[in-house]
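The block underneath contains the structure these notes are about, expressed in structure tokens.
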């Protein structure tokens, strides 16, 4: 049983190390990721300044974090496509455009949540 706990703890540490490496890479290489981080920091501050319920605050902050997750996935897609080939191909463009669209859809969802919170 102890071996399983040690293994699980080591895997948790490795997952954390890999995640931090991915965040650092995105921060250093992706202007769009940095922009969304700053937008989320501002939105988070606004969420705590406004008189919002815990549920409303949690909703807008969680959706902001989902934008960051979508941006990270978009970065992964773009890098994988670029690694496979530097030639232009319609499927490569489609993959990159779909990743970008995912970021846009999550941003719209966050915007809708903010509107609903501010109107109510």
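The values are calculated or read from the model by the stated rules, or taken from the named source; none is laboratory data. The structure presented is a predicted model; accordingly, all values stated were derived computationally and were not measured. Reconstructed Cβ throughout: ideal geometry from the backbone, glycine too, with neighbour counts over all protein chains shown.
General remarks:
- Test: residue in the range 6-15 that is surrounded by 10 or more Cβ atoms within 10 Å (Cβ to Cβ), within 13 Å of residue 71 (Cα to Cα) and at pLDDT 95 or above: no
- Residue 54 more than 14 Å from the chain's Cα centre (by Cα) and without any contact (Cβ under 8 Å) to a residue 40 or more places away in the chain: yes
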